[in-house]
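The block underneath contains the structure these notes are about, expressed in structure tokens.
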Amino acid sequence: MEPRPAREQASSRQEVIAPQGAASQLFLVERALSGLTLDQVRVAFRATADAVRREVARGARIRYLRSTFAPADGRCLCLFEAPDAELVRRVNDTAQFPFARIAAVIEFQDPGAARRKR
């Protein structure tokens, strides 16, 4: 996967770093979830997945790929694929799942995986 350029956009509530002209891009949503129980976090993940399904039913191109939660730190990272950061923001706002920042990211695959397939 090749790197794609990103630019910063101002936000009144959270920081968003978005791509320029990408057809589909990966976005990392950073969350601070200190004080939430594991059950509350699970409910929020389900609400986010439901919000994505509703957007897809309306014709939006977005995928909720995965989340990683570090309970001891109260930190969570969620990965989405979408054409722009605003769609990712809309889904998270609809789910009422607070976030600190949305950033366009580049995923690097295991460099040894290609050698092992030969």
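Answer yes or no: is there a residue in the stretch 87-104 that is touching a Ser or Thr at 6+ places or on another chain (Cβ under 6 Å) and at pLDDT 95 or above. Among the residues of the stretch 87-104, at least one is touching a Ser or Thr at 6+ places or on another chain (Cβ under 6 Å) and at pLDDT 95 or above, which makes the answer yes.
Residues in the stretch 39-71 that are over 17 Å from residue 85 (Cα atoms), among the aliphatic types (A, V, I, L, M) and touching a strand residue (DSSP E or B) at 6+ places or on another chain (Cβ under 8 Å): 41, 70. Is one or more of the residues making up the stretch 22-36 modelled with pLDDT of 95 or more, in a loop (DSSP other than H, G, I, E, B) and of a type in the set (D, E, K, R)? No, because not a single residue in the stretch 22-36 is modelled with pLDDT of 95 or more, in a loop (DSSP other than H, G, I, E, B) and of a type in the set (D, E, K, R). Residue-level analysis places residue 81 outside the set of residues that are of a type outside the set (A, V, I, L, M) and touching a residue at least 60 places away in the same chain (Cβ under 8 Å).
The values are calculated or read from the model by the stated rules, or taken from the named source; none is laboratory data. Values in this document were obtained by computation on a predicted structure and should not be read as measured data. Ideal geometry is used to build each Cβ from the backbone, glycine not excepted, and the neighbour counts take in all protein chains shown.
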